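The values are calculated or read from the model by the stated rules, or taken from the named source; none is laboratory data. Values in this document were obtained by computation on a predicted structure and should not be read as measured data. Here Cβ is always computed from backbone atoms with ideal geometry, including for glycine, and neighbour counts include all displayed protein chains.
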Amino acid sequence: MYRPLNNKVLITPDKVQETVGGLYSAEQALSKPTRGTVVSANSKSELKEGDIVIYNKHAGQTITLDDKEYLLMSDDDIYFIEHA
């Protein structure tokens, strides 16, 4: 697995929800997800694998690893950790 350096976090963003008819609304098509799951974080980070987070919609860089898309972002761009 990959371990980000410095204050970076690797996140799997949530998918945009389709409507019942299988189409996206104009708002959904233009918006980026702002919620995702932490895949990996630096050992010094308070974030851990599996945490669900809310982040800045303009944050991060989309990267592809092993044919999967992730967001790599600074932990400063994460606003909240969701707790059940």
### Query
Of all residues in region 57-84, how many are free of Cβ contacts under 8 Å to residues at least 60 places away in the same chain, surrounded by 12 or more Cβ atoms within 10 Å (Cβ to Cβ) and either touching a strand residue (DSSP E or B) at 6+ places or on another chain (Cβ under 7 Å) or under 20 Å from TYR2 (Cα atoms) (or both)?
5
### Query
When you look at LYS57, is it touching a Pro at 6+ places or on another chain (Cβ under 9 Å) and modelled with pLDDT under 85, yes or no?
no
